[in-house]
Amino acid sequence: MNAISYTGKLEALAEFNVENIVHKTLRNDMAKTLDSAAAAQFAAAEYKAVCTATNSTVFTTDGTATATAATNASDKNHRDIIDYMKKNNIPKINGYYICIGSTNHIRGLYDAFESLIQYTKPELAFNGEVGRYYGCRIIEETNYLSNTLGSGSQYGEAVYFGDDAVREGVAVPEEVRADVPDDFGRDKAIAWYYLGGFQRIWSLATDSEEHIVHVTSA
């Protein structure tokens, strides 16, 4: 939950609709907060992948990356990760794996195969999707994932996953609530509210199964 307070005087004197501005700001804050809560579960995956070179990817299975990233992901790193997911029997989502990457991670892929990730029907893309390659849909994310990993703090973070990766539990769906005006209508407030959470479904340590690969660095 988060709230914004404002006054009746501001509302009366403002040239713009204050309530509309408050609603827009709260919706943006809510989206960032819930996105971060979900992303934290994806980043907690026990499968870690580190791009130590454009033709070398180091994997670990205990939730800790032991190598240092020395490059953004290339097409070879991307294929290494997809092959790793296949070898570990991670199920696909409607025939595809999903990659959600930071700006630097996506830039590395573009630099490697810019001409490949194009659509003949762009309207079929997921929201934020920038392309498909090697059986994987690639989506850019700008809120949670880091662009400052590895050597020189300049490489991107990403998560690759298949079906049944993270589940959301909702008790009260996200909504915007207005507080009861106080001080004869001079003090006002609007908040967004949500009661729920996100959780990884599988843990390699307890279930001998993991459906997420986290691209990161030591």
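The residues of region 64-86 that are in a helix (DSSP H, G or I) and either of a type outside the set (A, V, I, L, M) or touching a Gly at 6+ places or on another chain (Cβ under 9 Å) (or both), listed by number, are Asp75, Lys76, Asn77, His78, Arg79, Asp80, Ile82, Asp83, Tyr84, Met85, Lys86.
To keep it simple, each residue is scored yes or no on (1) of a type in the set (S, T, N, Q); (2) within 28 Å of Lys188 (Cβ to Cβ); (3) outside any helix (DSSP H, G or I); (4) under 20 Å from the mean Cα position of the chain (by Cα).
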position: Glu15; (1), (2), (3), (4): no, yes, yes, no
position: Met30; (1), (2), (3), (4): no, yes, no, yes
position: Lys48; (1), (2), (3), (4): no, no, yes, yes
position: Asp62; (1), (2), (3), (4): no, no, yes, no
position: Ile90; (1), (2), (3), (4): no, no, yes, yes
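Across region 17-26, the number of residues qualifying as part of a helix (DSSP H, G or I) and either surrounded by fewer than 13 Cβ atoms within 10 Å (Cβ to Cβ) or over 26 Å from the mean Cα position of the chain (by Cα) (or both) comes to 4.
Scan the strands (runs of 3 or more DSSP E) fully inside region 153-218 and keep the ones with 1 or more residues being touching a Leu at 6+ places or on another chain (Cβ under 6 Å), touching a residue at least 12 places away in the same chain (Cβ under 8 Å) and aromatic (Phe, Trp, Tyr).
Hits in region 153-218: 187-200.
Among the listed residues Ala178, Ala205, identify the single one that is of a type in the set (A, V, I, L, M) and in the same structural domain as Tyr97 (by TED's automatic domain parsing). Being of a type in the set (A, V, I, L, M) and in the same structural domain as Tyr97 (by TED's automatic domain parsing) holds for just one of Ala178, Ala205, which is Ala205. Scanning region 1-13 for residues that are part of a helix (DSSP H, G or I) and in contact (Cβ under 8 Å) with a residue 60 or more places away in the chain yields a count of 3.
The values are calculated or read from the model by the stated rules, or taken from the named source; none is laboratory data. For clarity, every value in this text was computed on a predicted model and none was experimentally measured. Neighbour counts are summed over all protein chains in view; Cβ atoms, including those assigned to glycine, are modelled from backbone coordinates with ideal geometry.
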